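Contents: one structure, followed by commentary.
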Amino acid sequence: MRDVPGFSRRSVLAGGLAAPLAVPALITGARANETFVLGTWGGDYQRLQLENIELPLVRPLGLEAVADTGDEPPRVAKIMATRRLPRGPLDVACLQAVQAYALGEAGVLEELTPEKVPNLAHVKEGLATATFAPHIWSPQIISYSPERVTSPPTGFGDLADPRYNGKVGFPDGNFFYVMMAAGLFAGGSANDFDKAKEVMTKVNANGLRLYPSTDAGGPPFKTGEIDIGMMWLARISMWQNAGIPVAAAFPKEGCILYVSGMVVPKNAPNKEAAFKYINAMLDPAAQLGFAKNMGYLPTVTNAPLTGKVAEQLALPTPPPKLVVPDFAFTSKIQPEIADWWKKSIQHG
């Protein structure tokens, strides 16, 4: 478990002026753009990649992404299965930080440096690794209905409070981060999965509801199906903007950070295009676009938030404890925890 140095309310909002949004270049000749393959998630994330990274910043370079859309596990499996081929199927792969670390340790990823990706020089301390460029981050908070929960929750233990029996819920895909939050609450460490299992067993017995996707986790607050759960601060701002009555409470024991970003496989066919795309991803304009439209905080120091976005994503004062997962530990234990979760929580 690592606390993030320099992550305070001031540091989140501070920084230099963002670069102006570039205007997409018009293709006037017959020559087609050079293509590269981008392994990514779908939905809002892919749409915002197109709107904030590719169209304004990448197409003008004469490059165009061919999207390979899907879930993360098949993307990881594809990289590993093709690692010995001279030309792999992906140039850029979007991954959560934990999975990216595991692939880096397996030796299948290209090293990323400021010489290859100049905007890496502006990345906040603690988020990147030698082979991983962080795109977005958000603290995991306790989500709750301000209409039905009169006293805001203060810690993870509130999810097991009998007052919320049958009214606790969150997306099933967030299970690993929820388990880290449970360990942080019960044992003082995000790595204490033995204590996390004990706490999550109690939460499950309190009528836990699991949802199939992140998007599906918001409407139940509006319908009254759930009153409390765990979610990223980013999603709270999105749901609020969509008219869902939901609020965020920062657990007193600290917040686990969700970090996702991009990697380049060693056998990527078009590494130069991959480096340029990742550099554009870290551009202040692209970072601010994701903050405005998806609620995730910039991973670079030169993209200050202003206005409504700054208010919605502001951390409280004094700032909460922010905990980056211990990638070396969590990447090894995640399969074991996934198996326990499936047997004890999904089907328990």
Longest to shortest principal axis, alpha-carbon extents of the chain, angstrom: 65, 46, 36
Net lengthening on full extension, residue 151/residue 50 (0.36 nm per residue, minus Cα-Cα): 32.3 nm
Listed residue pairs exceeding 20 Å between alpha carbons, taken from 167/252; 167/222; 167/308; 202/342: 167/252; 167/308
Amide N of segment 142-162 lying under 17 Å from the label point, which is placed 7 angstrom from the Cα of residue 223 along Cα→Cβ: 145
Flagged links, alpha-carbon separation over 21 Å, of 78/343; 195/343; 124/321; 116/292: 78/343; 116/292
Full-stretch length increase - residue 310, residue 32 - with 0.36 nm per residue and alpha-carbon distance subtracted: 96.1 nm
Among beta bridges that DSSP assigns inside the chain, antiparallel share in %, nearest 5: 60 percent
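So what are segment 237-348's ellipsoid semi-axes, whole angstrom, largest first, if each one is the square root of 5 times an eigenvalue of the alpha-carbon gyration tensor? Spell out each step's value before the answer.
Details: eigenvalues 145, 139, 43 Å².
They are 27, 26, 15 Å, listed largest first.
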Full-stretch length increase - residue 346, residue 113 - with 0.36 nm per residue and alpha-carbon distance subtracted: 79.8 nm
Other-chain or far-sequence residues with amide H under 5 Å of residue 226's (modelled H): 221
Estimated FRET transfer efficiency when R0 is 35 angstrom, pair residue 321-residue 83 (beta carbons, to 0.05): 0.40
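Every number in this text was worked out from the coordinates using simple rules, so none of it is lab data. It should be emphasised that the depicted structure is a prediction, and the values quoted were computed from it without experimental measurement. Note: ideal-geometry Cβ built from the backbone for every residue, glycine included; neighbour counts use all protein chains shown.
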